[in-house]
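Engineer: So that we are looking at the same thing, I have put the structure below in structure tokens.
The values are calculated or read from the model by the stated rules, or taken from the named source; none is laboratory data. All of these numbers come straight from a predicted model, not from anything done at the bench. A quick note on method: Cβ atoms are made from the backbone with ideal geometry, for glycine too, and the neighbour counts reach across all protein chains shown.
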Amino acid sequence: MNIFRTMELSASGLTAQRQRLNVIAENLANAQVTRTPEGGPYLRKNVILETQPLEDFGSLMASPAKVAVSDIVESREGLVQEYDPTHPDANQDGIVTWPNVNPVTAMVSLVLASRAFDANVAAFKAAKTMALKALDIGR
């Protein structure tokens with residue numbers, strides 16, 4: 001595998017982790033939203049990552065695969081219901097449905113995504129340094 005493939009793989013990881021960070025930040029920002037334009041509380045979003053082969057046939061034989069976001073899905077599981085008849089979004093029984101965003105879990109996911117982003121930056125920088133040193137050999 002050449003150095004530029006390594007950079008391409010790292011760049012795909014950077015893009016995927018950046019998107020993950022954005023979705024986690026959106027989840028945290030909307031953790032207390034009980035009313036959305038679609039109706040009902042905000043639903044936590046999850047990023048689904050998948051591997052994709054590199055474009056040319058030779059790379060298929062070497063089997064490196066870059067990462068990409070295949071989907072961003074909303075989860076209806078874990079919505080919290082609370083009795084509060086004074087809340088403006090309470091139903092006729094006085095139940096308010098809150099988003100299914102757990103701030104602690106979201107912060108852990110945020111740290112993991114941030115570390116994965118940092119690891120991809122380090123891999124990209126290492127490949128760049130190797131490429132520059134290889135160019136220096138010819139001088």
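Engineer: Please name all residue pairs, on different chains or six or more residues apart, with Cβ atoms under 7 Å, provided the first residue is in the stretch 71-98 and is in contact (Cβ under 8 Å) with a residue 60 or more places away in the chain and the second residue is part of a strand (DSSP E or B) and acidic (D, E).
Structural biologist: Every condition considered, the pairs that remain are V96/E82; W98/E82.
Conditions (1) within 17 Å of R5 (Cβ to Cβ); (2) under 19 Å from the mean Cα position of the chain (by Cα); (3) assigned to a helix (DSSP H, G or I), marked per residue:
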| residue | (1), (2), (3) |
| --- | --- |
| N100 | no, yes, no |
| V104 | no, yes, yes |
| M107 | no, yes, yes |
| F117 | no, yes, yes |
| M130 | yes, no, yes |
| D136 | no, no, yes |
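The rows are residues; the columns are (1) in contact with a strand residue (DSSP E or B) (Cβ under 8 Å, 6 or more places away or on another chain); (2) of a type in the set (F, W, Y); (3) exposed (fewer than 14 other Cβ atoms within 10 Å of the Cβ); (4) modelled with pLDDT under 95.
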| site | (1), (2), (3), (4) |
| --- | --- |
| V96 | yes, no, no, no |
| N100 | yes, no, no, no |
| V104 | no, no, yes, no |
| A113 | no, no, no, no |
| L135 | no, no, yes, yes |
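Engineer: Now, a different point. Does the stretch 1-57 hold any residues that are polar (S, T, N, Q) and part of a helix (DSSP H, G or I), and which are they?
Structural biologist: T6, S10, S12, T15, Q17, Q19, N22, N27
Engineer: Let me ask something additional. Looking at (1) touching a Leu at 6+ places or on another chain (Cβ under 8 Å); (2) under 26 Å from L28 (Cβ atoms), which is the only condition V108 fails?
Structural biologist: Unmet condition: (1).
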